[in-house]
1. Does ARG94 count as assigned to a helix (DSSP H, G or I) and not aliphatic (A, V, I, L, M)?
2. Can you say whether ARG50 is in a helix (DSSP H, G or I), among the basic types (Lys, Arg), surrounded by 12 or more Cβ atoms within 10 Å (Cβ to Cβ) and at negative phi, as far as the supplied structure shows?
3. What number of residues within the range 53-76 satisfy the criterion of being aromatic (Phe, Trp, Tyr) and either in a loop (DSSP other than H, G, I, E, B) or without any contact (Cβ under 8 Å) to a residue 24 or more places away in the chain (or both)?
4. Across the range 40-50, what is the number of residues that are at pLDDT 95 or above and within 12 Å of the chain's Cα centre (by Cα)?
5. Determine which single condition ALA79 fails, assuming it passes every other condition in (1) within 21 Å of LEU127 (Cβ to Cβ); (2) without any contact (Cβ under 8 Å) to a residue 24 or more places away in the chain; (3) among the aliphatic types (A, V, I, L, M).
6. Which one of these does GLY147 not meet: (1) in contact with a strand residue (DSSP E or B) (Cβ under 9 Å, 6 or more places away or on another chain); (2) under 19 Å from SER48 (Cβ atoms); (3) not charged (D, E, K, R)?
7. Of the residues that sit in the range 129-147 and are in a loop (DSSP other than H, G, I, E, B) and hydrophobic (A, V, I, L, M, F, W, C), which one is farthest from PRO9 (Cα to Cα)?
8. Among VAL3, VAL87, which is the only one that is within 21 Å of TRP104 (Cβ to Cβ) and in contact (Cβ under 8 Å) with a residue 60 or more places away in the chain?
Amino acid sequence: MKVAYADPPYIGQAKRHYNMPEVDHEELIQRLGRDYPDGWALSCISPSLRFLLPLCPDQIRVMAWVKPFASFKPNVNPAYAWEPVLVSGGRQPRDRSEITVRDWVSANITLQRGLAGAKPDAFCWWLFDVLGLQKGDQMDDLYPGTGAVTRAWEMFQNRLI
């Protein structure tokens, strides 16, 4: 199985946080569907859902990364303490003997990892489980940033028997 994970700069944040041009999310979602029919996941921020969901296939699932410890910003209330993760496809059907994966994960944010938004290992392993990934599958990290997702994928592959 070949899947992709995309964690681009969130809409309206590319220049401010990464000094780069905005990502064309419409083109990105088309690319994900075209190049990764087995499955894909896209991290985003809750205000962008109204723009992104109409661009997605009908079978899209909205998952949640809940952050028990999150960065609280001045004049932002309520805080952004969760992130949507749009998921399409993945390994199906699953056997009833397998543990059921929740549509959310609770994992603290990372600190001092080099870039804002670096994903923690617990988030990554949950995402791999959501997609039903197994040893030998291909997982492409389209926005590698700090390399955290790729490192977690290597650890995940090594822990599988």
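1. For ARG94, the condition - assigned to a helix (DSSP H, G or I) and not aliphatic (A, V, I, L, M) - is not met.
2. no
3. Final tally of qualifying residues: 2.
4. Matching residues across the range 40-50 total 5.
5. (1)
6. In the conditions (1) in contact with a strand residue (DSSP E or B) (Cβ under 9 Å, 6 or more places away or on another chain); (2) under 19 Å from SER48 (Cβ atoms); (3) not charged (D, E, K, R), GLY147 misses (2) alone.
7. The initial filter retains those residues of the range 129-147 that are in a loop (DSSP other than H, G, I, E, B), namely 131-137, 142-147.
Right, trim to hydrophobic (A, V, I, L, M, F, W, C) and you get 131, 133, 142.
Working: LEU131: 22, LEU133: 25, LEU142: 12 Å.
For the range 129-147, the residue satisfying everything is LEU133.
8. Just one listed residue meets the conditions, VAL3.
The values are calculated or read from the model by the stated rules, or taken from the named source; none is laboratory data. This one's a predicted model, so the numbers in the text were calculated from it and none came from an experiment. Glycine also receives a Cβ, built like all others from the backbone with ideal geometry; neighbour counts cover every protein chain displayed.
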